[in-house]
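K.L.:
Following this message is one structure expressed as structure tokens.
Please treat every number below as a calculation from the coordinates, not as lab data. Values in this document were obtained by computation on a predicted structure and should not be read as measured data. Note that each Cβ is placed from the backbone with ideal geometry, even for glycine, and that neighbours are counted across all protein chains shown.
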Amino acid sequence: MLPEFDLVMPENLQQALENLGQRNPGVVPVAGGTNLTVDMRSRRHTPATLVNIEHIQELTGILQEDDRIEIGSCVTIAEILKSPIIAAVAPALIEAARGFANPLIRNRATIGGNLADASPAADTAPSLLVHNAQVELWSKKNRRILPLDEFFVGVRKTVLQPDEIIKSVHVPKTNRPSASSFYKLGLRKADAISVASVAVYLEKKNGACGQVRIAMGSVAPKPLRAYAAEELLTGKHLSLKLIEEAAKLAAEASSPISDIRGSAEYRRRMVFVLTRRLLTHLAEMMELKDW
Ligand SMILES: Cc1cc2nc3c(=O)[nH]c(=O)nc-3n(C[C@H](O)[C@H](O)[C@H](O)COP(=O)(O)OP(=O)(O)OC[C@H]3O[C@@H](n4cnc5c(N)ncnc54)[C@H](O)[C@@H]3O)c2cc1C
């Protein structure tokens, strides 16, 4: 059974922010509720008041701007999956949505809730990290935009203040030839928490690798980028040997734990395998391979 709580149904963003701005740590936003209700049922989290932000118009919809797309924080995973705008700009995010939970959860779970919950296994995080996404945070008094890489602090910890909400997620567009991909390794194909996940973004420049970004999930206290591996590849022609070296660096950047789903050693090895697989796939797709 859920513990008792008050439910506030604000009509707009301003009203929601007023409620969260009461400086009472017992007041929290709820979107799809797929994480929060589980936490409340287990008494891990017992907020006195929930502010329902799910239907607030300013938090919904996917906007096209000249240089970026803006995904409202209450856009659901099911909506992401159907979005041609997201498919064109961030294909890795579509792949993450495809392997996310099950259809029932995808209909309720939001992108904002997934990031705010900050599980190391949050499926949208690696693909958003490789697309250099930013989060737009609003409180009653303040607005700020942060690179997603600076948003996560540790296991289920972010820089989000109690009076702040994620308003939207910005994903930059590029004119350069680019592609991205995401792979989630779970104990089964659907409805599974990832054992390890990797996303890769690759740009082509003068026939070689331009910008490249690699991010990983479930293998450290927070979703993280593999900067050394990225640096190794930037500006280079991609041979299988170079890809293997980069995959090795990505694995070295991980710091996984052993748990019921897999050992730390297995996870680190899977970072190597998935990074090599995605880099090889994207290099072939973009005719960047030098082998
Ligand atoms: C059966 C099941 C399967 C699951 N499978 C997966 C999976 O495959 N992959 C995966 O990544 N996750 C999975 N999850 C976890 C969960 O569904 C996701 O993390 C989901 O995206 C959370 O979104 P929500 O809208 O339901 O968040 P909520 O539960 O409403 O909120 C989660 C937390 O974020 C806060 N919050 C919500 N929205 C905002 C906002 N806009 N600004 C600030 N704070 C906010 C809330 O206060 C709360 O602390 C699963 C959960 C269940 C129950």
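K.L.:
Report the FRET efficiency, 1/(1 + (r/R0)^6), for GLN161 and ARG98, where r is their Cβ-Cβ distance and R0 is 35 Å, rounded to 0.05.
P.N.:
0.60
K.L.:
Would you mind checking which residues have amide H under 5 Å from LYS167's amide H? H placed 1.01 Å from N; only 5 or more apart, or other chain.
P.N.:
Residues meeting the criterion, in which the H sits 1.01 Å from N, are GLU136, LEU137, TRP138.
K.L.:
Separate question: Give me the percent relative contact order of segment 1-62, please, defined on Cα pairs under 8 angstrom at least 6 residues apart.
P.N.:
RCO, segment 1-62: 49 percent.
K.L.:
May I have the convex hull volume per residue, in Å³, for the Cα set of segment 178-285?
P.N.:
Normalising the Cα hull of segment 178-285 by residue number yields 89 Å³.
K.L.:
Highest GNM mean-square fluctuation, the chain, Cα pairs closer than 10 Å: which of GLU70, GLU252, GLU230?
P.N.:
With Cα springs under 10 Å in the chain, the top fluctuation among GLU70, GLU252, GLU230 is at GLU252.
K.L.:
Place the peptides 3-12, 110-119, 279-288 in order of packing, highest mean first, counting for every residue the other Cβ atoms within 10 Å and averaging per peptide.
P.N.:
Per-residue Cβ counts within 10 Å, averaged per peptide and sorted highest first, yield 110-119, 279-288, 3-12.
K.L.:
Tally Lys/Arg at +1 and Asp/Glu at -1 over every other residue whose Cβ is under 9 Å from the Cβ of GLY33; what's the total?
P.N.:
Within the 9 Å Cβ shell, the charges total 0.
K.L.:
On a 20 Å Cα-Cα criterion, which of the cross-link pairs LYS140/LYS167; LYS205/LYS289; LYS204/LYS248; LYS241/LYS289; LYS173/LYS205 come out too long?
P.N.:
Beyond 20 Å: LYS204/LYS248.
K.L.:
Something else about it: Given the options PRO120, PRO256, PRO84, state which has the largest fluctuation in a GNM of the chain using a 10 Å cut-off (strictly under) for Cα springs.
P.N.:
PRO84
K.L.:
Give me the aspartates and glutamates in straight-line cross-link reach of LYS189: C-alpha distance below 16 Å, same-chain residues under 8 apart excluded.
P.N.:
Candidates past the 8-residue exclusion: GLU95, ASP123.
K.L.:
If you line up the long axis of helix 264-285 against the longest principal axis of the chain, both from Cα atoms, how many degrees apart are they, to the nearest 10?
P.N.:
The helix 264-285 is inclined about 70 degrees to the chain.
K.L.:
Rounded to the nearest 500 deg cm²/dmol, what is the calculated helix-only ellipticity per residue at 222 nm for the chain, with -39500 (n - 2.57) per DSSP H run of length n ≥ 4?
P.N.:
Helices in the chain give a 222 nm mean residue ellipticity of -9500 deg cm²/dmol.
K.L.:
Next question. Can you work out the PRE-style zone for ALA48? Point 7 Å along Cα to Cβ, and I want the residues of segment 1-34 with backbone N under 20 Å.
P.N.:
Backbone N within reach: 2-10, 16-30.
K.L.:
Something else: Could you tell me which trypsin sites (Lys or Arg not before Pro) in segment 37-142 are loop residues by DSSP with no more than 13 other beta carbons within 10 angstrom of their beta carbon?
P.N.:
Passing both the DSSP loop test and the Cβ count: ARG43, ARG44, LYS141.
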